[in-house]
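Engineer: Input: one structure, supplied below.
The values are calculated or read from the model by the stated rules, or taken from the named source; none is laboratory data. Note that this is a predicted model, so its numbers are computed, not measured. Every residue, glycine as well, gets a Cβ built from its backbone with ideal geometry; the counts of neighbours run over all protein chains shown.
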Amino acid sequence: MGIAPAELTQLEAQASRIRELVLRTIAGAGAGHTGGALSIVEILTVLYFRLLRVDPARPDWPERDRFILSKGHASPALYCALAERGYFPQEKLAEFDRVNGMLQGHPDMTKTPGVDMSTGSLGQGLSVGIGMRLGAVASGLDFHVFVLLGDGELQEGQVWEAAMYAGFHQIRRLVAIVDYNQLQLTGRLRETLNIEPLADKWRAFRWQTRSCRGHDLADLLTCLGEARAASEAGPVIVFAHTVKGYGVSFIADRVEWHARAPTAQELEAALQELGANQ
């Protein structure tokens, strides 16, 4: 799937806007998972502004594609993408992580328009995605399901049960995406609990595999578009090679930013680095 230069420029501007909103949202709340939210900005930009069949005016439209943020702690990125896509006013981002608010620290499908699955306890999103696809077949619907997982999340056993089931039954129109930034809560994956050889494991479970540069919008668009098409024959997993905290030099690839919010001074420095209006 190609993209014209003007469209790519537009998509890059959209990703920059979402990244800025993520930083402002987390800093404003004084809480949030900055690193893992920044690493998925481009993935969400491509999904919500190019690939997903959705209608913000009808968040419960039965024919819509489903998206599950299995790594639910990265919710600020999802909320900012949804706000930019028109699911709710951007002013609502200022209410992130408030008690009884619409935008909880982890996604809540009963509170937030556009959220298809409540997540937070890691390892469960792929199982739910399979259930959605089985439900679609039973209901005569043809929507696709995209599930975004963290790479550290792949250490969870339920992920592999789901992978085995989907591969054995060749669940169609199911695409999993791994935010492959190789950092988790306390350190590097390879030092905490190594998940390699990752692609070989998924192929052993009869999944089709793809790989792309997770911050290259053109590469993402091509790769995810191909994955969507290939999923007509069975499940596909995309390894999106990313950098945790991408976009801000003092946050990027730093484990201490897994669950840290920027101070006012750090936000100012980050926005200046991004060239955002302050």
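Engineer: Looking at segment 251-263 only, could you name the residues that are touching a helix residue (DSSP H, G or I) at 6+ places or on another chain (Cβ under 7 Å) and hydrophobic (A, V, I, L, M, F, W, C)?
Structural biologist: Of everything in segment 251-263, those that are touching a helix residue (DSSP H, G or I) at 6+ places or on another chain (Cβ under 7 Å) and hydrophobic (A, V, I, L, M, F, W, C) turn out to be I251, W257, A261.
Engineer: While we're on this one: Within segment 125-157, count every residue that is among the acidic types (D, E) and touching a Lys or Arg at 6+ places or on another chain (Cβ under 6 Å).
Structural biologist: Adding up the residues that qualify gives 1.
Engineer: Considering only residues that are closer than 17 Å to L82 by Cβ and polar (S, T, N, Q), which ones fall in segment 30-45?
Structural biologist: T45
Engineer: Are any residues in segment 114-139 in contact with a Pro (Cβ under 9 Å, 6 or more places away or on another chain) and surrounded by fewer than 16 Cβ atoms within 10 Å (Cβ to Cβ), and if so, which ones?
Structural biologist: S139
Engineer: Where the second residue is at pLDDT 95 or above and buried (at least 20 other Cβ atoms within 10 Å of the Cβ) and the first is over 15 Å from E232 (Cα atoms) and among the polar types (S, T, N, Q) and lies in segment 127-144, which pairs have Cβ atoms under 7 Å and are six or more apart or on separate chains?
Structural biologist: Close Cβ pairs satisfying both conditions: S127/A162.
Engineer: Out of the residues in segment 4-22 meeting the condition of being hydrophobic (A, V, I, L, M, F, W, C) and assigned to a helix (DSSP H, G or I), tell me which one is surrounded by the most Cβ atoms within 10 Å (Cβ to Cβ).
Structural biologist: I18
Engineer: Also: I'm told G120 meets every condition in (1) outside any helix (DSSP H, G or I); (2) modelled with pLDDT of 95 or more except one. Can you identify the failing condition by its number?
Structural biologist: (2)
Engineer: Just to be sure I understand the filter: pairs with C-beta atoms under 9 Å, separated by 6 or more residues or on different chains, first member in segment 178-193 and more than 9 Å from T242 (Cβ to Cβ), second member exposed (fewer than 14 other Cβ atoms within 10 Å of the Cβ) and acidic (D, E). Which pairs pass?
Structural biologist: L189/E196; R190/E196
Engineer: Could you tell me which of the residues G152, G187, G131 is among the small types (G, A, S) and in contact with a Ser or Thr (Cβ under 9 Å, 6 or more places away or on another chain)?
Structural biologist: G152
Engineer: Looking at N277 and the list (1) on the phi > 0 side of the Ramachandran plot; (2) modelled with pLDDT under 95, which single condition is not satisfied?
Structural biologist: (1)
Engineer: If you don't mind, another one. Does segment 141-161 contain at least one residue that is over 29 Å from D200 (Cα atoms) and surrounded by fewer than 18 Cβ atoms within 10 Å (Cβ to Cβ)?
Structural biologist: yes
Engineer: Out of V243, V238, V248, which single residue is in contact (Cβ under 8 Å) with a residue 60 or more places away in the chain, surrounded by 15 or more Cβ atoms within 10 Å (Cβ to Cβ) and more than 22 Å from T186 (Cβ to Cβ)?
Structural biologist: None of the others qualify; the one that does is V238.
Engineer: Oh, and also: Looking only at residues that are of a type in the set (D, E) and under 23 Å from A29 (Cα atoms) in segment 219-278, which one is nearest to the chain's Cα centre (by Cα)?
Structural biologist: D253
Engineer: Restricting attention to segment 101-113, does a residue exist that is part of a loop (DSSP other than H, G, I, E, B), touching a His at 6+ places or on another chain (Cβ under 8 Å) and among the acidic types (D, E)?
Structural biologist: no
Engineer: A follow-up question, please. Could you check segment 227-278 and list, in sequence order, the residues that are out of contact with any Leu (no Cβ under 8 Å at 6 or more places or on another chain) and among the acidic types (D, E)?
Structural biologist: The answer is E232, E256, E266, E268, E273.
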